[in-house]
Amino acid sequence: MHSWTDTLRFAFQPVVNLTTGAVAGLEILARPETGDILAEARRNPELDCRLAVSAVRAAVRRETLLPLFVNVFAATLADLGGLPSLHAAVREAGRLPWEVTIDICPPYTHVPQQALLEAVDALREQGFRISADGVGDGDVPLRLLSELAPGLVKLDASLLPHPAVVRSMRTLCDESGALLAVEGVETEGQCAVALAAGAQLAQGELFAPPARLPAADVYVPPRSPGEVVAPRSGPSVREFVRPAALLPATASAGRVRALLTGSPDVSGVLLVDTAGMPVRSVHRSRFLLSMSGRYGHALYAERPAAKLGDPPRTVGVDASAWEVLDVVAVGGRDRTSDDVAVVDAYGRCVGVVRLADLVRALAETRVEEAAGLNPLTRLPGSDAITGEVDRRIAAGRAFALSRLDVDHFKQVNDGAGFAAGDELIRAVGRALRQAATGGARVGHIGGDDFLVLADPEGLDPLGAAVLDVPWSAGGRPVTLSLATVLCPPGSVTDHRQAAACLAPLKKAAKALHGTSWVLGRPGVPGHETRRGSPPRPMSAPTGCASAPTGCGLGVEPNVQGV
């Protein structure tokens, strides 16, 4: 009588790091030759668990050193808890639990949520990593997704035609410390959308199809400058993590040599203790040079490899790329090419980063930033500000978007000369930049127009810093106009709607005499006048009701502020 294992095969599909182009791990996919064992496993937790155990054993037979992604249905976890048989299979395979990510698959309907959360906690305590699979095409509730706190969220490629949704999920992942992946990517166009929306990992036919043998090479489309996504504090180290070659701290030099000679892409080996914490770092070139010297093999082959290693250099998984460079700079010059170990909150190694990857990405970031700077003020253009506006909207944060310009600037240029006008613009830009504290962002969108994004509580100091200054150009007094739209969470849907609400406020500010400042709110009629004298009798400016999305802002009645 044939067993279900007789007709079951496994395929491996790479999960690709879109920043480095390296393979971050292998998802193991069951491929039954007959029947629909996956549908049966969805109903039978014991069978699903046996499939996961078989997947790990299949990976061992292929002798892959890459981290593994193993699929388990949510109902299986809720029913069987911490999957002790899977833990045993990983241990028997000589792998460490944190080299294995459990992909929790839908459906979640009718799954006892408390039991599922307790099972996930048990897996984390064992060291396994957690991924939420099929998000966007499955039925995982957002509240449950938040409580699961996965280290990786896998979105279905069907969401790529809605990049705002992908960007929102990237924001959620950033807030929770998770990575964002897109699965099912089949075209270069989909890859470009995933990159632009902030995805850090991806898998699909474009990179490599599922195959019986783990793929040695994958295809990653070249990135254009417009696809570079740079977080505000510099790229996160999570974007550059490569799989680490790990061996026990007691491993012999001969065992390390066998690993390095059999895996030419491995740049070094980390020796870890029983808890997975790095204790020594073995650099490929220095180690092989020592082993290949006269009597090197005879002297070292049976001795602990740790004697030929160095103290590991480590960074936390939440570090930025700049922090990694600081760690590299502290060591001697002979170790600049060493891998830096990335460790989790428990000190366990989750991977390594290479200096070359960081330098290339940081250089791209600097080039991209420089290309977007205004040559006169060296301030970024509108794209940097509007991108941050969309991130705050997606995160549900209140913000104030302001537009500032010089009154009658053409007359200033004509009367005082363009050199005096340029110096005035530079001075206003400097004042805004110095006043932009606490996360405020300043952009120069051309001519005498500036865009300022700030938290609502930072408005008054920022306004005073630029409006209380007696500005002049070529000895001629100059006044400024400032318009602000204050956006509570949910009041606008994107930066375009915020800009549409700002337009009539700027018109109202320009209608006032002297230095002026008006403030409005989306959906609230009228505006508050904080600076400036009432205008002469004139027809009321048109509101922004004609904007496609509508903002509900008018300019009457006029409320005189302090």
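What follows is calculated from the coordinates using simple rules that are stated; it is not laboratory data. All values derive from a computational prediction rather than experimental measurement. Cβ placement follows ideal geometry from the backbone for every residue including glycine, while neighbour counts extend to all protein chains displayed.
Structure above, values below:
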read-out	value
Candidates per GluC sites (Glu not before Pro) in region 61-113, loop by DSSP, up to 10 other Cβ within 10 Å	E63
14 Å Cα-Cα reach of K506 towards aspartates and glutamates, excluding residues that sit fewer than 8 places from it in its own chain	D405, D407, D448, D449, E528, E556
Percent antiparallel among DSSP beta bridges (both partners in region 246-360, rounded to 5)	65 percent
In sequence order, calculated HN-Hα J values of region 87-94 (Karplus, 6.51, -1.76, 1.60; Hz; x Gly/Pro)	4, 5, 5, 5, 5, 5, 7, x
Per principal axis, descending, Cα span of region 4-224 in whole Å	45, 38, 32
Longest segment of the chain lacking trypsin sites (Lys or Arg not before Pro) that sit in a DSSP loop with at most 12 other Cβ atoms within 10 Å	295-562
GluC sites (Glu not before Pro) lying in DSSP loop within region 133-207, provided at most 14 other Cβ fall within 10 Å	E186, E205
Contour excess over end-to-end distance, with Cα ends at D318 and A122 and 0.36 nm allotted per residue	68.3 nm
Charge dipole magnitude, Cβ of K and R +1, D and E -1 - the chain, Cα centre, debye nearest 20	1220 debye
Sites V327 and T437, calculated FRET efficiency, Cβ-Cβ separation with R0 35 Å, nearest 0.05	0.75
Nearest-0.05 FRET efficiency for R430 and Y219, computed from C-beta distance (R0 35 Å)	0.15
Within region 16-101: Cβ-based charge dipole about Cα centre, in debye rounded to nearest 20 (Lys, Arg +1; Asp, Glu -1)	180 debye
Option label - semi-axes √(5λ) of the Cα gyration tensor in Å computed here, alternatives (1) 36, 30, 21; (2) 54, 30, 18; (3) 36, 28, 25	(2)
